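Right, one structure below, let's go through it.
The values are calculated or read from the model by the stated rules, or taken from the named source; none is laboratory data. A quick note: this is a predicted structure, and the numbers were derived from the prediction, not measured. With ideal geometry, Cβ positions are generated from the backbone for all residues, glycine too; neighbour counts draw on all protein chains shown.
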């Protein structure tokens, strides 16, 4: 699966977002090592700290299906005028399940897309430095 297809899946699932407080929809699509696609979207709560980001939602859904290794990620934020990358908490969670060279694409409603890697999003991750990845 190419990154365009993965990004389109993230774009589509963003429309399922539950974001009545921020009105900021986000979708994430993970490509699992076995070739399957797992998606997630942000789910807010009036107790904002209990909200979950799309990226972590996708990881939790994947792990619940027995998938624990991911080879690519796309994130779509259709309400943003610019590419919106994952928050720090999501970067940390993603690094647990993805190699540092795994490709990541993120973008908003404009044409600009950022293509990067997990390692570039979370440099000097101690998990990689310890040789566990």
### Task
Please verify whether the stretch 2-17 includes one or more residues that are more than 16 Å from residue 105 (Cα to Cα) and modelled with pLDDT under 95.
no
#### Entry: Inter-residue pairs, beta-carbon under 6 Å, first outside any loop (DSSP other than H, G, I, E, B) and in the stretch 108-127, second surrounded by fewer than 14 Cβ atoms within 10 Å (Cβ to Cβ), 6+ apart
117/101
### Summary
Pairs returned, first residue in the stretch 6-21 that is without any contact (Cβ under 8 Å) to a residue 12 or more places away in the chain and on the phi > 0 side of the Ramachandran plot, second residue that is buried (at least 23 other Cβ atoms within 10 Å of the Cβ) and assigned to a loop (DSSP other than H, G, I, E, B), beta-carbon separation under 6 angstrom, 6 or more apart or interchain, are none
### Task
Tell me, please, whether a residue that is assigned to a strand (DSSP E or B), in contact with a helix residue (DSSP H, G or I) (Cβ under 9 Å, 6 or more places away or on another chain) and either touching a residue at least 60 places away in the same chain (Cβ under 8 Å) or within 22 Å of residue 108 (Cβ to Cβ) (or both) can be found in the stretch 51-64.
yes
### Query
residue 72 versus (1) touching a residue at least 24 places away in the same chain (Cβ under 8 Å); (2) within 20 Å of residue 124 (Cα to Cα); (3) outside any strand (DSSP E or B); (4) in contact with a strand residue (DSSP E or B) (Cβ under 9 Å, 6 or more places away or on another chain): which is the lone unmet condition?
(3)
